[in-house]
């Protein structure tokens with residue numbers, strides 16, 4: 001029922017600008033894409049199109065962040081960061097290029113089911129996961145270094161943060177070793193560690209993770225690899241471990257609240273695991 005309403009709204013609201021949406025003979029199909037804040041659908045045409053590719057992603061904003069996402073995407077595309085191209089924008093509709101690949105969250109976690117540590121994986125699988133994490137660190141390096149804001153007292157590195165970052169926000173193409181970032185509606189300028197802590201939180205909280213068992217060593221190893229890769233490639237940026245741990249705990253508490261969980265995290269134990277190889 002929701003898809004039928006979305007289809008009708010698209011045709012009525014956008015047919016003047018995008019005539020291929022005039023659809024008397026089911027020339028396109030919609031399929032839902034999970035999104036907590038907005039309505040997101042995939043749109044696939046089964047005929048030749050004039051203004052759009054045959055497959056696109058349509059984001060219909062329920063929040064007030066449409067302009068923020070559009071301006072951020074436009075800014076980052078000029079920097080050649082791997083993000084989807086904006087094909088059309090008219091509030092509340094944002095039509096984006098469909099990126100081909102696998103979701104990074106699934107790519108990593110499906111290989112870690114019942115895995116105690118990375119060394120127990122076969123070498124090829126371990127390399128695949130490690131390469132994807134290093135590529136993710138490269139992606140954030142490019143985002144942050146290209147969008148650093150001068151701070152007079154140099155007390156912290158202020159950058160453009162992606163905001164509310166989850167590893168599910170990334171599409172990975174293992175054959176090309178390319179990662180594309182999605183979802184920039186919460187982007188903002190702040191401490192670079194905000195993004196870094198969210199990535200580490202997402203590694204910990206996605207299954208297999210901290211809420212399914214005790215802190216899985218494989219995830220701690222991936223966090224260490226991510227942090228080392230990020231700061232190795234950008235040694236001029238200072239890592240504030242105290243700020244990082246505070247943000248990580250804060251983010252985990254946010255995740256628990258979203259899930260309706262009442263758990264007490266043993267901060268000292270898993271922070272010790274994260275920090276011992278740093």
Quick test of your reading of the structure: residue 74 fulfils all but one of (1) crowded, with 16+ Cβ neighbours inside 10 Å; (2) part of a helix (DSSP H, G or I); (3) assigned by TED's automatic domain parsing to the domain that holds residue 17. Name the failing condition by number.
(1)
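Matching residues to (1) buried (at least 19 other Cβ atoms within 10 Å of the Cβ); (2) at pLDDT below 95; (3) in contact with a helix residue (DSSP H, G or I) (Cβ under 8 Å, 6 or more places away or on another chain):
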| position | (1), (2), (3) |
| --- | --- |
| 157 | yes, yes, yes |
| 161 | yes, no, yes |
| 170 | yes, no, yes |
| 191 | yes, yes, yes |
| 198 | yes, no, yes |
| 212 | no, yes, no |
| 220 | yes, yes, yes |
Looking at (1) surrounded by fewer than 15 Cβ atoms within 10 Å (Cβ to Cβ); (2) assigned to a loop (DSSP other than H, G, I, E, B); (3) in contact with a helix residue (DSSP H, G or I) (Cβ under 8 Å, 6 or more places away or on another chain); (4) in the same structural domain as residue 185 (by TED's automatic domain parsing), which is the only condition residue 51 fails?
(4)
Residue check: is residue 184 in a loop (DSSP other than H, G, I, E, B), under 18 Å from the mean Cα position of the chain (by Cα) and at pLDDT 95 or above?
yes
In the stretch 11-22, which residue that is touching a helix residue (DSSP H, G or I) at 6+ places or on another chain (Cβ under 8 Å) and at pLDDT below 90 is surrounded by the most Cβ atoms within 10 Å (Cβ to Cβ)?
21
Restricting attention to the stretch 188-206, does a residue exist that is closer than 21 Å to residue 82 by Cα, part of a loop (DSSP other than H, G, I, E, B) and either in contact (Cβ under 8 Å) with a residue 24 or more places away in the chain or not assigned by TED's automatic domain parsing to the domain that holds residue 235 (or both)?
yes
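Restricting to the stretch 78-88, what's the tally of residues that are under 18 Å from residue 67 (Cβ atoms) and surrounded by fewer than 17 Cβ atoms within 10 Å (Cβ to Cβ)?
4
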Does the stretch 127-140 include one or more residues that are more than 20 Å from residue 41 (Cβ to Cβ) and at pLDDT below 95?
no
Name every residue in the stretch 236-263 that is at pLDDT below 85 and surrounded by fewer than 13 Cβ atoms within 10 Å (Cβ to Cβ), in order of residue number.
236, 257, 258, 259, 260, 261, 262, 263
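From the list 117, 124, exactly one residue is surrounded by fewer than 16 Cβ atoms within 10 Å (Cβ to Cβ), without any contact (Cβ under 8 Å) to a residue 40 or more places away in the chain and more than 27 Å from residue 57 (Cα to Cα). Which is it?
The conditions single out 124.
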Somewhere in the stretch 100-110, is a residue assigned to a helix (DSSP H, G or I), closer than 29 Å to residue 71 by Cβ and at pLDDT 95 or above?
yes
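This table checks each residue for (1) farther than 18 Å from residue 197 by Cβ; (2) assigned by TED's automatic domain parsing to the domain that holds residue 235; (3) not in a helix (DSSP H, G or I).
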site: 112; (1), (2), (3): yes, yes, yes
site: 116; (1), (2), (3): yes, yes, yes
site: 124; (1), (2), (3): yes, yes, no
site: 135; (1), (2), (3): yes, yes, no
site: 141; (1), (2), (3): no, yes, no
Mind listing whichever residues of the stretch 59-71 are closer than 17 Å to residue 187 by Cβ, in a loop (DSSP other than H, G, I, E, B) and over 17 Å from the mean Cα position of the chain (by Cα)?
61, 63, 64
Yes or no: the stretch 170-179 includes at least one residue that is outside the structural domain of residue 85 (by TED's automatic domain parsing), within 19 Å of residue 75 (Cβ to Cβ) and over 17 Å from the mean Cα position of the chain (by Cα).
no
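Condition check: buried (at least 20 other Cβ atoms within 10 Å of the Cβ), in a helix (DSSP H, G or I) and over 15 Å from the mean Cα position of the chain (by Cα). Does residue 129 satisfy that?
Criteria met by residue 129.
The values are calculated or read from the model by the stated rules, or taken from the named source; none is laboratory data. Here the structure is a predicted model, which is why all the values come from computation and not from measurement. Positions of Cβ are generated from backbone atoms using ideal geometry, with glycine treated the same way; all protein chains shown enter the neighbour counts.
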